[in-house]
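Engineer: I'd like to ask you about the structure that follows.
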Amino acid sequence: MIQIDAILKYDPLPLTGDPDKMFKPWWLVAFIDGEMLDYYSWVLGRETGITLMKPAWGGHISIIRGEVPANPDAWKRYDNEPISLSYVPDIRTNGKHWWLPVICDRMNDIREELGLVRKHDVGLHFTLGQPVPKCMAVSTYFHQVYTAGHSVTPASISL
């Protein structure tokens, strides 16, 4: 695992796109340095040929995803504060999205403080992005390889 720092932001505005169309209430994200997103996107592209679209929020971890908290008085309590987390440098996919697993008890503590279940259904992850449309078939292929239990290494890739 690798330890890094991020910045908490409640109800964030997108870094790209129309903020009025893309705003989503009741979201809490931790922003990650953009160079990390660029690095892992580059690694994925080099190893698989897949090009990712950058997420509208850039490199981030979604802690709360549109869930209305039972304790809204605690909303924005930690806005713009730094937070330490650990991530596993093992790129994962469901075929449509690519990410890195994240471990951070404090993020789960914040969810509990707001009256939400400790862990949301998709778990904590550093979002890398979605494949550009021309790479979707290759992305789906790698998801099938991954779910079949095969490792995806440079030596095993034959596109």
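Engineer: Given a Förster distance of 25 Å, report the FRET efficiency between Thr147 and Trp42 from their Cβ-Cβ distance, rounded to the nearest 0.05. Intermediate values should be presented prior to the final figure.
Structural biologist: Numbers: r = 24 Å, r/R0 = 0.98.
FRET efficiency, Thr147 to Trp42: 0.55.
Engineer: So for the pair Asn80, Thr140, with labels modelled 7 Å out along Cα→Cβ, what separation do we get in nm?
Structural biologist: Going by the 7 Å Cα→Cβ label model, 4.5 nm.
Engineer: Taking 0.36 nm per residue of separation and subtracting the Cα-Cα distance, what length does fully extending Val122 through Met1 add? Walk me through the numbers on the way to the answer.
Structural biologist: Values: separation 121, 0.36 × 121 = 43.56 nm, distance 1.94 nm.
My answer for the length gained is 41.6 nm.
Engineer: Leaving out same-chain residues fewer than 8 places away, which lysines sit with a Cα under 23 Å from that of Lys54?
Structural biologist: Lys9, Lys21, Lys24, Lys96, Lys134
Engineer: Shifting gears a bit: Using every Cα-Cα pair within the chain, state what percent have a distance larger than 28 Å. It would help to have the intermediate numbers written out before the result.
Structural biologist: Values: 3005 of 12561 pairs.
In whole percent, the share of Cα-Cα pairs in the chain beyond 28 Å is 24.
Engineer: Right, next: So, in nm, how far is label Asn94 from label Arg65 when the simple model puts each one 7 Å beyond its Cα toward the Cβ?
Structural biologist: Result: 0.6 nm between the two label points.
Engineer: Could you check the simple spin-label distance between Asp11 and Asp73, using points 7 Å along Cα→Cβ, in nm with one decimal?
Structural biologist: 1.9 nm
Engineer: Shifting gears a bit: For a quick check: sort Arg111, Arg92 by the number of other beta carbons within 10 angstrom, fewest at the front.
Structural biologist: Numbers: Arg111 20, Arg92 15.
Sorted ascending by nearby Cβ count, the order is Arg92, Arg111.
Every number in this text was worked out from the coordinates using simple rules, so none of it is lab data. These figures come from a predicted structure and were not determined experimentally. Because the Cβ atoms are built from the backbone with ideal geometry, glycine has one as well, and the counts that use them run over all protein chains shown.
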